[in-house]
Ligand SMILES: [Zn+2]
């Protein structure tokens, strides 16, 4: 395949590859949009579990106070009943003390019980809230996930279509050149083939050795920029390359004019320079 056809194919391939690479990057990045929401949901679930554990603890404690209260009540009632059968002042005083002690405990346990009941009802409220929050979050997440899956599968379909186009362009291209080209596009922001203009690589803006410009200009082989590894094609600079070719050939301007007339059709349209140069 002639070099200019290769260039033309590479230009088309470059568009396809950079679009494909962009899509593949999106496909990798999109699911990360859910990360924050998934973290929030995990935190909510953790706190839900902790609240339930607190509730279980408070429930046990409530049961304990309920038992203690019942015990104190029955102690008091028993002592009150015994009041009917006492005969001495000392017995009366002992029983009276028992009743007062039991009543005091009753009061204390009743207070504790009330406190636990309040804790339980607060926790119950919080558990219900966090339950509905979790439900809401899960629903949101599910919807977003479905949306994202649709988006990803649409992008995958686009990638597959681009790969089809890519396959149709590949025949006739050197696999090694192709491999390097794809790698350059991945690493260099979508640009794998650039012009050399006035001796300067338009990809990395480095001034290239004179023999490089000549090599590119001859279009006999694929030339890679020694600095940025991009594939180079020749493009006439507005100022021309006189200075450049002077260095290379160590000749005079007159020599250069001769060379231009003989070897390059400098009078042709600017845009068509690359092709015309080759056909010469
Ligand atoms: Zn370069």
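Regarding the range 1-159, what are the three Cα extents along the principal axes, ordered largest first, in Å?
Extents along the principal axes: 130, 21, 15 Å.
Run the numbers for residue 70 and residue 138: contour at 0.36 nm per residue of separation, minus the present Cα-Cα distance, in nm.
Details: separation 68, 0.36 × 68 = 24.48 nm, distance 4.49 nm.
Going from the current span to full extension adds 20.0 nm.
Just so you know, all these numbers are worked out from the coordinates, no wet-lab data involved. As the structure is a prediction and not an experimental result, all values here were calculated from the model.
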